[in-house]
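A.B. asks: The structure's right below; bear with me while I get my questions together.
The values are calculated or read from the model by the stated rules, or taken from the named source; none is laboratory data. Quick caveat, the model's predicted, so the values are computed rather than measured. Glycine gets a Cβ as well: all are built from the backbone with ideal geometry, and neighbour counts include every protein chain shown.
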Amino acid sequence: MTTYRHLTSLISPAFYDAHKAVKDNQIDELLTKGGRGSTKSSFISIELILLLLKHPQCHAAAMRKVGNTLRTSVYAQLCWAVSVLGLSNQFRCTVSPMEMTYLRTGQKILFFGIEDPQKLKSLKLPFGYMGIIWFEELDQFAGEEEIRNVEQTMLRGGEFSMVFKSFNPPATARSWANRYALERRERRMVHSSTYLTTPEEWLGPRFLADAEHLKETKPAAYAHEYLGEVVGSGTAVFENLRAEFITDAQVQSFDRRLFGVDWGWYPDPWAFNGCYYSAGTGTLTVFDELTRWRTPNPDTAQLLKDRRICSGEDDRLTADSAEEKSCGDYRAFGLPCRGAEKGPGSVSAGMKWLQSRPRIVIDPVRCPDTYREFSECEYERDKKTGEILQGYPDLNNHHIDAVRYATECIWKRRGR
């Protein structure tokens with residue numbers, strides 16, 4: 001086996017845990033996100049080469065959405081990795097066709113643009129199987145379905161597989177890649193890094209000076225470009241939203257839980273949420289959700305009873321009073337369901353209260369639909385002038401309404 005020179009000096013300390021997870025086969029997917037200077041692409045290129053040499057029957061592919069960007073991005077990056085690992089004389093690198101070949105075994109690294117995913121089906125390898133894939137600039141692909149189709153087409157056969165995915169998070173939370181990075185999956189690691197986790201001598205004084213200048217003059221642009229933060233497009237309704245994973249122990253510690261229901265059938269769903277409000281910190285935590293279509297009241301009531309909703313003495317369940325019969329059905333099924341006290345300006349008052357909280361914490365794994373609604377809720381703009389219009393959008397807000405009903409007893413100061 002090749003002895004690699006100064007491996008730790010080639011990988012930023014921020015990636016040591018990720019390197020160990022890849023090396024020890026603890027994961028089969030690594031998704032890396034971050035801003036400029038985070039060295040995520042450098043890290044992946046090194047890991048890809050190391051894995052190739054470790055699995056002699058395995059080939060690799062590096063992909064971008066557009067083929068004409070390959071040569072100056074993933075191809076150049078992998079050539080760099082071969083060089084810094086001291087393996088230049090062991091690889092043949094060509095651009096026509098664009099490929100890299102490990103001379104000792106004949107293993108190949110191939111490069112593809114995915115303008116036409118169908119062409120991947122005719123891929124022929126000299127031996128072995130395709131086991132390593134790198135999707136660079138993940139957010140530029142069409143979506144999760146396109147990525148999944150590529151993986152299903154290429155990762156066939158063989159005892160080993162590893163998928164790398166890297167991108168700079170787009171500014172808007174609506175990006176499919178931002179949502180995708182919040183999903184948890186067995187044997188997947190999601191890794192975040194910034195230039196602040198990179199040794200300064202790797203970046204140089206000009207890079208650091210440019211970053212500092214942007215930080216002082218345009219902090220939002222700095223947060224997005226250098227820190228990889230999802231800063232929005234200036235129209236986000238809930239700028240206080242935070243995605244955080246909530247443990248079972250945390251949920252069990254919540255007292256005075258607040259539950260809300262927004263009635264629906266089809267195409268609008270029935271939506272349920274569980275919340276906890278900390279009066280001391282002003283933080284609202286959304287820890288539970290259910291979403292159902294075409295589900296009658298007895299069935300949704302049983303879902304809540306199975307979850308032991310309102311099992312605590314101070315728990316409270318509030319539902320949309322527009323369907324008083326449904327509220328009555330729940331009471332008949334043994335759930336202490338109250339109808340929301342609607343009235344002129346109640347929607348605006350509830351939304352303003354939610355916006356004014358220091359933080360709204362939503363677990364994107366426990367509550368994916370709720371997080372999507374809150375993160376994608378944006379003010380509308382005038383199509384001609386581009387100015388932000390007054391009023392809150394009334395679209396895809398079923399869980400937002402359920403949370404608003406759940407917390408009504410607080411923002412209407414009704415007491416408990």
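A.B. asks: Tell me which residues, restricted to segment 308-325, are surrounded by 13 or more Cβ atoms within 10 Å (Cβ to Cβ), touching a residue at least 24 places away in the same chain (Cβ under 8 Å) and in contact with an Asp or Glu (Cβ under 8 Å, 6 or more places away or on another chain).
C.D. replies: The initial filter retains those residues of segment 308-325 that are surrounded by 13 or more Cβ atoms within 10 Å (Cβ to Cβ), namely 309-310, 315-321, 323.
Among the residues that remain, those that are also touching a residue at least 24 places away in the same chain (Cβ under 8 Å) are: 309-310, 315-320, 323.
Result: ILE309, THR318, ALA319, ASP320.
A.B. asks: Among the numbered criteria (1) modelled with pLDDT of 95 or more; (2) outside the structural domain of TYR129 (by TED's automatic domain parsing); (3) hydrophobic (A, V, I, L, M, F, W, C), which one does MET1 miss?
C.D. replies: (1)
A.B. asks: Examine segment 201-214 for a residue that is closer than 30 Å to GLU387 by Cα, under 20 Å from the mean Cα position of the chain (by Cα) and not charged (D, E, K, R), and state whether such a residue exists.
C.D. replies: No, segment 201-214 has no match at all.
A.B. asks: In segment 218-253, which residues are on the phi > 0 side of the Ramachandran plot and either assigned by TED's automatic domain parsing to the domain that holds GLY391 or within 17 Å of the chain's Cα centre (by Cα) (or both)?
C.D. replies: Those that are on the phi > 0 side of the Ramachandran plot and either assigned by TED's automatic domain parsing to the domain that holds GLY391 or within 17 Å of the chain's Cα centre (by Cα) (or both): GLY228, GLY232.
A.B. asks: Given ARG187, ARG206, which one is exposed (fewer than 15 other Cβ atoms within 10 Å of the Cβ), at positive phi and not assigned by TED's automatic domain parsing to the domain that holds TYR277?
C.D. replies: The conditions single out ARG187.
A.B. asks: Yes or no: segment 215-233 includes at least one residue that is touching a Phe, Trp or Tyr at 6+ places or on another chain (Cβ under 7 Å), of a type outside the set (Phe, Trp, Tyr) and at pLDDT 90 or above.
C.D. replies: Step one: of segment 215-233, the residues touching a Phe, Trp or Tyr at 6+ places or on another chain (Cβ under 7 Å) are 215, 226.
This time we only want the ones that are of a type outside the set (Phe, Trp, Tyr), so: 215.
Narrowing the set further to residues that are at pLDDT 90 or above leaves 215.
Yes, segment 215-233 contains at least one residue that is touching a Phe, Trp or Tyr at 6+ places or on another chain (Cβ under 7 Å), of a type outside the set (Phe, Trp, Tyr) and at pLDDT 90 or above.
A.B. asks: Now a separate question. For segment 190-202, name all the residues that are surrounded by fewer than 17 Cβ atoms within 10 Å (Cβ to Cβ) and in a helix (DSSP H, G or I).
C.D. replies: Within segment 190-202, LEU196, THR197, GLU200, GLU201, TRP202 meet the criteria.
A.B. asks: Which is of a type in the set (Gly, Ala, Ser) and within 24 Å of PHE160 (Cα to Cα), of GLY131, GLY67?
C.D. replies: GLY131
A.B. asks: If you check ASP248 against the conditions, is it surrounded by 14 or more Cβ atoms within 10 Å (Cβ to Cβ) and over 19 Å from PRO169 (Cα atoms)?
C.D. replies: Taking the combined requirement at face value, the residue does not satisfy it.
A.B. asks: Please verify whether LEU182 is surrounded by 15 or more Cβ atoms within 10 Å (Cβ to Cβ), closer than 19 Å to ILE44 by Cβ, in contact (Cβ under 8 Å) with a residue 12 or more places away in the chain and assigned by TED's automatic domain parsing to the domain that holds ILE114, treating the condition exactly as stated.
C.D. replies: Here the answer is no, as LEU182 does not meet what is asked.
A.B. asks: Need the failing condition index for ARG338 against (1) closer than 19 Å to ASP299 by Cβ; (2) of a type in the set (Lys, Arg); (3) in contact with a Leu (Cβ under 9 Å, 6 or more places away or on another chain), just the number.
C.D. replies: It fails just one condition, (1).
A.B. asks: Go through segment 369-411 and report how many residues are touching a Leu at 6+ places or on another chain (Cβ under 7 Å), surrounded by fewer than 18 Cβ atoms within 10 Å (Cβ to Cβ) and closer than 27 Å to ASP315 by Cα.
C.D. replies: The number of residues fulfilling the criteria is 0.
A.B. asks: Here's a follow-up. Given the criterion at pLDDT below 90 and over 21 Å from LEU110 (Cα atoms), identify the matching residue among ARG188, ARG206, ARG184, ARG156. Before you say what the answer is, go through the steps one by one.
C.D. replies: Numbers: ARG188 fails: at pLDDT below 90; ARG206 fails: at pLDDT below 90; ARG156 fails: over 21 Å from LEU110 (Cα atoms).
The match here is ARG184.
A.B. asks: With the condition being β-branched (Val, Ile, Thr), in the same structural domain as LEU31 (by TED's automatic domain parsing) and exposed (fewer than 14 other Cβ atoms within 10 Å of the Cβ), I'd like the strands (runs of 3 or more DSSP E) fully within segment 68-160 carrying at least 1 qualifying residues.
C.D. replies: 91-95
A.B. asks: Can I ask one more? Please work out which residue is surrounded by the fewest Cβ atoms within 10 Å (Cβ to Cβ), limiting yourself to segment 254-277 and to residues that are of a type in the set (D, E, K, R) and on the phi < 0 side of the Ramachandran plot.
C.D. replies: ASP255
A.B. asks: Can you find even one residue in segment 384-397 that is farther than 15 Å from LEU290 by Cβ, of a type in the set (Val, Ile, Thr) and assigned by TED's automatic domain parsing to the domain that holds GLY280?
C.D. replies: yes
A.B. asks: Let me ask another. Taking the condition of being exposed (fewer than 12 other Cβ atoms within 10 Å of the Cβ) and either of a type in the set (A, V, I, L, M) or touching a Leu at 6+ places or on another chain (Cβ under 7 Å) (or both), how many residues in segment 209-244 meet it?
C.D. replies: Final tally of qualifying residues: 1.
A.B. asks: On to the next question. When the residues of segment 353-364 are filtered to those that are surrounded by 13 or more Cβ atoms within 10 Å (Cβ to Cβ) and out of contact with any strand residue (DSSP E or B) (no Cβ under 7 Å at 6 or more places or on another chain), which remaining residue is farthest from TRP411 (Cα to Cα)?
C.D. replies: GLN355
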